[in-house]
Amino acid sequence: MPPPAVRLVWLGRVHYPELLARQDRWLGRLQADPRPGTLSGAEAGALLVCEPAGPVYTGGLRGGLTPEETTRLRALGAEVRSTGRGGLATFHGPGQLLCHPVLDLRRLGLRLRTHVAALEACAVRLCELRGLRGARARPPPYTGVWLGERKICAIGVRCGRHITSHGLALNCCTDLTWFEHIVPCGLVGAGVTSLSEELQRLVTVDEVMPSFLVAFRETFKCELISEDSPS
């Protein structure tokens, strides 16, 4: 039996609302499909990948940002958004690889917990492919991928009717000073880092994309179908 297929939708550098709009369209497409496996044969959904065009702070289901915090962050020139993903507040911005897999887990044979673990394994594998051997996931209540006490990849997902949305954000050459204005993911005392910081050279999103796609195929055991004109 061939591996399930996932449609790769590379959005380039886009503003966060456009990513959410694309995500909503794919969610509607999968939710309208009545039976697992009937969407374009073995197609399991879409992998939406982009680089945020501007700074945005997002809150999750476990806690958002107060009106006072929202006002303060918007005064810095950032957008502030509430989302339906798991987790607490985090930052997205230029220099970050943002990945939202919109997947029907039944078609991949995954449960939500194994999906989250696969996202973590994908980010760990990407770090290994870029020469960082110390990246690892940490046991609950922590999520994401870490290098020591510094978080390089945040993970927050949503799942309804077996269909996932949101996903991971990996710092490539992100301006890390934006994280200083919040407590990222509610982790007091924990630091953040990036591929550029760890490798001591500029590492762009475009540079890591091939490694990321290799890591995604390996960890999710799927085929990626390129799409020149994302729907």
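The values are calculated or read from the model by the stated rules, or taken from the named source; none is laboratory data. Just so it is clear, the model here is predicted, and its values are computed rather than measured. Here Cβ is always computed from backbone atoms with ideal geometry, including for glycine, and neighbour counts include all displayed protein chains.
Restricting to the stretch 96-136, name every residue that is basic (Lys, Arg) and either at pLDDT 95 or above or in contact with a helix residue (DSSP H, G or I) (Cβ under 7 Å, 6 or more places away or on another chain) (or both). Passing the criteria: 111, 125, 130, 136.
Among the conditions (1) at pLDDT below 95; (2) surrounded by fewer than 16 Cβ atoms within 10 Å (Cβ to Cβ), residue 200 misses just one, which is (1).
Examine the stretch 195-210 for a residue that is assigned to a strand (DSSP E or B) and in contact with a Ser or Thr (Cβ under 6 Å, 6 or more places away or on another chain), and state whether such a residue exists. Checked against the condition, which is being assigned to a strand (DSSP E or B) and in contact with a Ser or Thr (Cβ under 6 Å, 6 or more places away or on another chain), the stretch 195-210 yields no hits at all. Within the stretch 91-105, which residues are surrounded by 21 or more Cβ atoms within 10 Å (Cβ to Cβ) and closer than 11 Å to residue 54 by Cβ? Those that are surrounded by 21 or more Cβ atoms within 10 Å (Cβ to Cβ) and closer than 11 Å to residue 54 by Cβ: 92, 93.
Condition check for residue 134 on (1) surrounded by 19 or more Cβ atoms within 10 Å (Cβ to Cβ); (2) in contact with a Leu (Cβ under 6 Å, 6 or more places away or on another chain): one failure, at (1). From the list 83, 71, 114, which residue is hydroxyl-bearing (Ser, Thr, Tyr) and under 30 Å from residue 3 (Cα atoms)? Among 83, 71, 114, only 114 is hydroxyl-bearing (Ser, Thr, Tyr) and under 30 Å from residue 3 (Cα atoms).
Contact annotation: residue pairs with Cβ atoms under 7 Å, 6 or more positions apart or on different chains, pairing a residue in the stretch 150-176 that is without any contact (Cβ under 8 Å) to a residue 40 or more places away in the chain and surrounded by fewer than 24 Cβ atoms within 10 Å (Cβ to Cβ) with a partner that is outside any loop (DSSP other than H, G, I, E, B) and aliphatic (A, V, I, L, M), are 176/192.
From (1) surrounded by fewer than 23 Cβ atoms within 10 Å (Cβ to Cβ); (2) out of contact with any Phe, Trp or Tyr (no Cβ under 9 Å at 6 or more places or on another chain); (3) closer than 30 Å to residue 107 by Cβ; (4) among the hydrophobic types (A, V, I, L, M, F, W, C), pick out the condition that doesn't hold for residue 145. For residue 145, the failing item is (1).
Considering the stretch 30-46, and only residues there that are surrounded by 15 or more Cβ atoms within 10 Å (Cβ to Cβ) and modelled with pLDDT of 55 or more, the residue that is nearest to residue 216 (Cα to Cα) turns out to be 46. With the structure loaded, tell me whether residue 54 is at positive phi and not acidic (Asp, Glu) or whether it fails that test. So residue 54 does not fit the description; no. Of the listed requirements (1) buried (at least 22 other Cβ atoms within 10 Å of the Cβ); (2) of a type in the set (Ser, Thr, Tyr); (3) over 29 Å from residue 5 (Cβ atoms), residue 193 misses just one: (1).
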